[in-house]
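Working notes for the structure below.
The values are calculated or read from the model by the stated rules, or taken from the named source; none is laboratory data. Predicted model, so just to flag it, every value in this text is computed and none were measured. Neighbour counts run over all protein chains shown; Cβ positions are idealised from the backbone, glycine included.
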């Protein structure tokens, strides 16, 4: 698993290999969906541990950019839906609810052959 961590000018960032799919299109039984959500949350939680100190330096208010990296793009609502469990874990790490107005959530996609997720937490000016 490739992992990259950086901090510059009140920005914490981590990128890790993970195939994030749209839950709306994933199908399957409820048990399968819950298992996928649990897996996503555990992977993200471990990755956030590596940048916990950097995230605390950034503080609130902040902008969180969640980037899905993969060969095909998702449409906007599927992109946000795919990141729901990730968003929940980032909010937990920040010590806030994911609807807290001090946190601005942005979503992006980057075309690349492999699959990965990038989480960037930066100060809001």
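For the reader, a short list of remarks on this structure follows.
So that you can scan it fast, the table gives a plain yes or no per residue for (1) more than 17 Å from residue 66 (Cα to Cα); (2) surrounded by fewer than 15 Cβ atoms within 10 Å (Cβ to Cβ); (3) at pLDDT 90 or above; (4) out of contact with any helix residue (DSSP H, G or I) (no Cβ under 9 Å at 6 or more places or on another chain):
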residue: 8; (1), (2), (3), (4): yes, yes, no, yes
residue: 19; (1), (2), (3), (4): no, yes, yes, yes
residue: 26; (1), (2), (3), (4): yes, yes, no, no
residue: 33; (1), (2), (3), (4): yes, yes, no, no
residue: 41; (1), (2), (3), (4): no, no, yes, no
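- Residues within the range 40-55 that are in contact with a strand residue (DSSP E or B) (Cβ under 8 Å, 6 or more places away or on another chain) and part of a helix (DSSP H, G or I), tallied: 6
- For the range 70-91, filtering for residues that are closer than 21 Å to residue 54 by Cβ and touching a residue at least 24 places away in the same chain (Cβ under 8 Å) leaves 5.
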